[in-house]
Structures are given as C-alpha cells and as structure tokens.
Amino acid sequence: MAGERTIVVTGCSSGIGAHCARSLKADGWRVFATVRKPEDLPGLETEGIEAFLMDYARTETISDMVGAVLERSGGRIDALFNNGAYGQPGAVEDLSTATLRAQFEANFFGWHELTRQVIPPMRKRGQGRIVQCSSILGVVPYRYRGAYTASKFALEGLSITLRMELQGSGIHVSLIEPGPIATRFTANALAKIKEHIDLENSPHAVDYIRQLARLDGSGPVNRHKLGPEAVYSVLKHALNSTNPRPHYPVTTPAKQGMFLKRLLPADLFYRLMRWTD
C-alpha cells in the first residue's frame, strides 16, 4: 500500500463523489472518502474504500479527517478532489443572509479549509493535485440560483489564484465545471428551497412553480444530462496529465455557456441567459 497514490474525495454518499471514489479505487488509487452521515460509511467500506465522517461546515471534522488520513498514509496525500456541496435555490431578494452564509460555509469556506490543510504534506513531497468540482454556474449566472452561483464564482476566483501561486511547487490546481449531471443534487435542492424560501408570498411565486417542477422531476427532462462518469473522465485527466488544464467544462450546455460568454457582448449574453430555462 506504500506505493499507491492517495486521494481524498469528499461528498461520497452518492452521485459524483461516490462514482469517482469507486472508479479511482478500481484504477489503483488508495481512496479516502468522506461523508456527512454515519449510515453512508458501510457502503464504501465494504468496497475497500477508507471512509470518514466530515462536514465542511464543522472545521473540527476537517482537521480530524486530515489527521487520520495522514496517520494511515504515512503523511502522504497525493491528491484532493473537493466535491461535496449543495444548491440553495431562490431569488436573491428572498434569501436571508443566514441562508447565504450557510451556502458559503458548505460550498466555499469548508473547501478552503480542507485545501489549506492538504497543501503542507503535498509541499513536503514536492507534488500534488487539487481538483475542485465547481459548476458551469461558477462561470455563467442563472436565475434563482444566486446563492449557489455566488459560492461557485468565489471558488473559481480563489482556485485560479491558488493555481498561479502554486506554480513551480509541483502542485497543480484544476476546476471541473459540470452542467446537468444525474445525481441527487436536485432532490436536495428541492428540500432547501422549501425549507428556506417563502414560496407563496414571494414576488417570484409564479416563477417558483416552474422552478419546483424542474427540481421535482415533473417538468421537462433535460436531454443534455449526463451521468457522473462524464465527470470522472475529466477528473482522470486532471489527476494524471503532466499539464492539467485550469478548466474542464462537462456537458454540452456547460461548453456552450462558456463559448457564448466569450463570444457575445455582455448585455446580450445576460439577456439571453435571462430567458434560458
């Protein structure tokens, strides 16, 4: 086991994290996976994946997890795949500051804390890979996704800055920007909008009907939605390439969004996005 490359993968209870953790294990990595709930540990452990409890919003769990991984690996962390996150839908004017803060704790501040803690052991070995699972919404804004979009825009800026600062250290930083991926993400977002947004009394009440249909599956099916294997395909490149890219858009809508943002005047682009559903 001493020769295996080691990687920490977060958000592994389902979806992208679970798929990537299992695929990395199959490809010969020693995988340290994190989940937030104890009941999600056994499913990973029975497959030989070393699983830990960690919650981005609780700094002590990040430190405990990193300490345990370093102890088991002999101080070696070759890669980090930051992935665990959730989406808080709702119009910006309907979001309380507390709700927005919670979104940033889980999607931004916790990621920063974990990233900071894995950089020292990577520096000691003179090499490492940090891959952030961002979103196309970290590049292109979308109505009623302001909290999530803001957290991902912040992640994009911080990560690219980190990439530049780590140049020459042997540590590479990349961002994956998926569009629609088949996971439990929308189901979790549905619970969050019902929990934190006054749907009936909002000036956006009519629009929320369509938003709820998108989240509960009763609306139109997104024909561009891909499985988590699409993310794993670019994750492998970010982890193994001698020259990993800064950005990896995934799905046709993500690639189209990036292209149109570069091509069109800003006002025209944002007006186009205003009517995109």
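The values are calculated or read from the model by the stated rules, or taken from the named source; none is laboratory data. What you see is a predicted model; the values in this text were computed from it and never measured. Cβ sites come from the backbone with ideal geometry, for glycine too, and all protein chains shown count toward neighbours. Protein only, heavy atoms only, side chains kept; ligands, DNA and RNA dropped before computing areas. Shrake-Rupley method; radii C 1.70, N 1.55, O 1.52, S 1.80 Å.
Table: residues versus (1) more than 30 Å from Ala266 (Cα to Cα); (2) in contact with a helix residue (DSSP H, G or I) (Cβ under 9 Å, 6 or more places away or on another chain).
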{"site": "Thr97", "(1), (2)": "no, no"}
{"site": "Pro120", "(1), (2)": "yes, no"}
{"site": "Tyr142", "(1), (2)": "no, yes"}
{"site": "Lys152", "(1), (2)": "no, yes"}
{"site": "Asp198", "(1), (2)": "yes, yes"}
{"site": "Ala205", "(1), (2)": "no, no"}
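Residue count for the stretch 58-78, restricted to those that are under 17 Å from Arg116 (Cβ atoms) and open to solvent by 60 Å² or more (accessible area, probe 1.4 Å): 4. Quick check: is even one residue across the stretch 218-237 at pLDDT below 95, part of a helix (DSSP H, G or I), over 30 Å from Ile171 (Cβ atoms) and not β-branched (Val, Ile, Thr)? There is no residue in the stretch 218-237 that is at pLDDT below 95, part of a helix (DSSP H, G or I), over 30 Å from Ile171 (Cβ atoms) and not β-branched (Val, Ile, Thr).
Residue check: Asp27 meets all listed conditions (1) open to solvent by 50 Å² or more (accessible area, probe 1.4 Å); (2) modelled with pLDDT of 95 or more; (3) more than 21 Å from Gly128 (Cβ to Cβ) but one, namely (3).
Are any residues in the stretch 115-137 assigned to a helix (DSSP H, G or I) and more than 15 Å from Ala154 (Cα to Cα), and if so, which ones?
Scanning the stretch 115-137 gives Arg116, Gln117, Val118, Ile119, Pro120, Pro121, Met122, Arg123, Lys124, Arg125.
Gly90 fulfils the conditions (1) surrounded by fewer than 19 Cβ atoms within 10 Å (Cβ to Cβ); (2) touching a residue at least 24 places away in the same chain (Cβ under 8 Å); (3) closer than 28 Å to Asp198 by Cα except for a single criterion, (1). The number of residues in the stretch 193-204 being within 17 Å of Tyr142 (Cα to Cα) and over 27 Å from the mean Cα position of the chain (by Cα) comes to 1.
Between Ile181, Ile130, Ile176, the distinction of being out of contact with any Asp or Glu (no Cβ under 8 Å at 6 or more places or on another chain) and at pLDDT below 95 belongs to Ile181 only. Please verify whether Gln167 is among the polar types (S, T, N, Q), open to solvent by 30 Å² or more (accessible area, probe 1.4 Å) and part of a loop (DSSP other than H, G, I, E, B), treating the condition exactly as stated. Here the answer is yes, as Gln167 does meet what is asked. Test Arg143 against the stated conditions and say whether it is among the basic types (Lys, Arg), outside any helix (DSSP H, G or I), open to solvent by 40 Å² or more (accessible area, probe 1.4 Å) and more than 25 Å from Glu4 (Cβ to Cβ). The answer is yes for Arg143. I need the full set of residues from the stretch 30-40 which are in contact with a Ser or Thr (Cβ under 7 Å, 6 or more places away or on another chain) and crowded, with 20+ Cβ neighbours inside 10 Å, in order please. Within the stretch 30-40, Arg30, Phe32, Thr34, Val35 meet the criteria.
Within the span defined as the stretch 98-117, one or more residues are basic (Lys, Arg), surrounded by fewer than 23 Cβ atoms within 10 Å (Cβ to Cβ) and under 30 Å from Ser73 (Cβ atoms). Taking the stretch 149-172 as the range and being in contact (Cβ under 8 Å) with a residue 24 or more places away in the chain, under 19 Å from Ala254 (Cβ atoms) and in contact with a strand residue (DSSP E or B) (Cβ under 9 Å, 6 or more places away or on another chain) as the test, the residues that pass are Lys152, Leu155, Ser159, Ile160. Summed over the stretch 180-205, the residues that are assigned to a helix (DSSP H, G or I) and either closer than 29 Å to Thr252 by Cα or open to solvent by less than 40 Å² (accessible area, probe 1.4 Å) (or both) give a count of 10.
Taking the criterion of being in contact with a Phe, Trp or Tyr (Cβ under 8 Å, 6 or more places away or on another chain) and surrounded by fewer than 21 Cβ atoms within 10 Å (Cβ to Cβ), the only residue of the stretch 7-18 that qualifies is Gly15. Evaluate the following for Val9: is it at pLDDT 95 or above, within 30 Å of Arg145 (Cβ to Cβ) and among the β-branched types (Val, Ile, Thr)? So Val9 passes the test.
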